[in-house]
1. Please specify each residue of the stretch 3-33 satisfying the condition of being surrounded by 12 or more Cβ atoms within 10 Å (Cβ to Cβ), part of a loop (DSSP other than H, G, I, E, B), over 11 Å from the mean Cα position of the chain (by Cα) and at pLDDT 90 or above.
2. Does residue 72 meet the test of being at pLDDT 95 or above and either surrounded by 11 or more Cβ atoms within 10 Å (Cβ to Cβ) or within 22 Å of residue 24 (Cβ to Cβ) (or both)?
3. I need the full set of residues from the stretch 44-63 which are at pLDDT 95 or above and either over 14 Å from the mean Cα position of the chain (by Cα) or not in a helix (DSSP H, G or I) (or both), in order please.
């Protein structure tokens, strides 16, 4: 969304922003919108491997829609 900001933390927890739900890793973060509301985002990472989940999380959290010419990394995910 235009003029929104994603709230992420960087710290010592390698699994921050991901969690394992019955064997599948998920990403979660909060997006703060221009109208002073927030949206909690939950995305399945479609993997059972924690290292793959971390790599996917890193790609998704660095993707910036207005500055990227390519489609969103999970646009093809079902």
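The values are calculated or read from the model by the stated rules, or taken from the named source; none is laboratory data. These figures come from a predicted structure and were not determined experimentally. Virtual Cβ from ideal backbone geometry, glycine too; neighbours counted across all protein chains shown.
1. 15
2. On the way: at pLDDT 95 or above: no; either surrounded by 11 or more Cβ atoms within 10 Å (Cβ to Cβ) or within 22 Å of residue 24 (Cβ to Cβ) (or both): yes.
Here the answer is no, as residue 72 does not meet what is asked.
3. Passing the criteria: 44, 45, 46, 47, 48, 49, 50, 51.
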